[in-house]
Amino acid sequence: MSVPKDLKYSEDHEWVRVEDGKVTIGITEFAQSELGDIVFVELPSEGDEIETGETFGSVESVKTVSELYAPLNGTVVEVNEELEDSPELVNESPFEKAWMVVVELSDESQLDNLMDAAAYEEMVDA
């Protein structure tokens, strides 16, 4: 299982990449492997506000529908429209092509509440 060291992770299996005061959010390789083949992704719109712990979308697989939970607060500034036509990218490339949204953070200190790669690996292996 791949757990890139440069990302932060939530207990709900979302990953966060920090770049220029904005964060890109997606789901981890572990999460997509547990879900199975992804057939549909529902995401928020640009300009939507997301709040830590609240649902901001969903991922539907052949097995189930799983909610996406915001790992932090902010405003959605970009949505990965490619997932609308190609939801299978979540299975094929969870860390590169299948990012979900880019969010402008309302408070950068929220990043302190997320896990580093080692802590996330430990949680998944437990």
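The values are calculated or read from the model by the stated rules, or taken from the named source; none is laboratory data. Note that the structure is a prediction, hence the values are computed from the model and not measured. Counting neighbours? That spans all protein chains shown, and the Cβs are built from the backbone with ideal geometry, glycine included. Surface accessibility is based on the protein's heavy atoms, side chains included, excluding ligands, DNA and RNA. Shrake-Rupley method; radii C 1.70, N 1.55, O 1.52, S 1.80 Å.
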Kindly indicate the residue of segment 1-56 that is among the polar types (S, T, N, Q) and under 12 Å from the mean Cα position of the chain (by Cα) and also nearest to residue 81 (Cα to Cα) among those meeting that condition. 24
Looking at segment 37-57, which of the residues that are surrounded by fewer than 21 Cβ atoms within 10 Å (Cβ to Cβ) and in contact with a helix residue (DSSP H, G or I) (Cβ under 8 Å, 6 or more places away or on another chain) is nearest to residue 107 (Cα to Cα)? 52
When you go through (1) in contact with a Pro (Cβ under 6 Å, 6 or more places away or on another chain); (2) closer than 15 Å to residue 95 by Cα one by one for residue 56, which number turns out not to apply? (2)
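Would you say residue 29 is closer than 14 Å to residue 95 by Cβ and either in contact (Cβ under 8 Å) with a residue 12 or more places away in the chain or hydrophobic (A, V, I, L, M, F, W, C) (or both)?
On the way: closer than 14 Å to residue 95 by Cβ: yes; either in contact (Cβ under 8 Å) with a residue 12 or more places away in the chain or hydrophobic (A, V, I, L, M, F, W, C) (or both): yes.
Considered against the rule, which asks whether it is closer than 14 Å to residue 95 by Cβ and either in contact (Cβ under 8 Å) with a residue 12 or more places away in the chain or hydrophobic (A, V, I, L, M, F, W, C) (or both), residue 29 comes out as yes.
Of 12, 6, 112, 85, which residue is of a type in the set (Asp, Glu), open to solvent by 20 Å² or more (accessible area, probe 1.4 Å), more than 28 Å from residue 126 (Cα to Cα) and out of contact with any Ser or Thr (no Cβ under 9 Å at 6 or more places or on another chain)?
Numbers: 12 fails: more than 28 Å from residue 126 (Cα to Cα); 6 fails: more than 28 Å from residue 126 (Cα to Cα); 112 fails: more than 28 Å from residue 126 (Cα to Cα).
So the residue among 12, 6, 112, 85 that is of a type in the set (Asp, Glu), open to solvent by 20 Å² or more (accessible area, probe 1.4 Å), more than 28 Å from residue 126 (Cα to Cα) and out of contact with any Ser or Thr (no Cβ under 9 Å at 6 or more places or on another chain) is 85.
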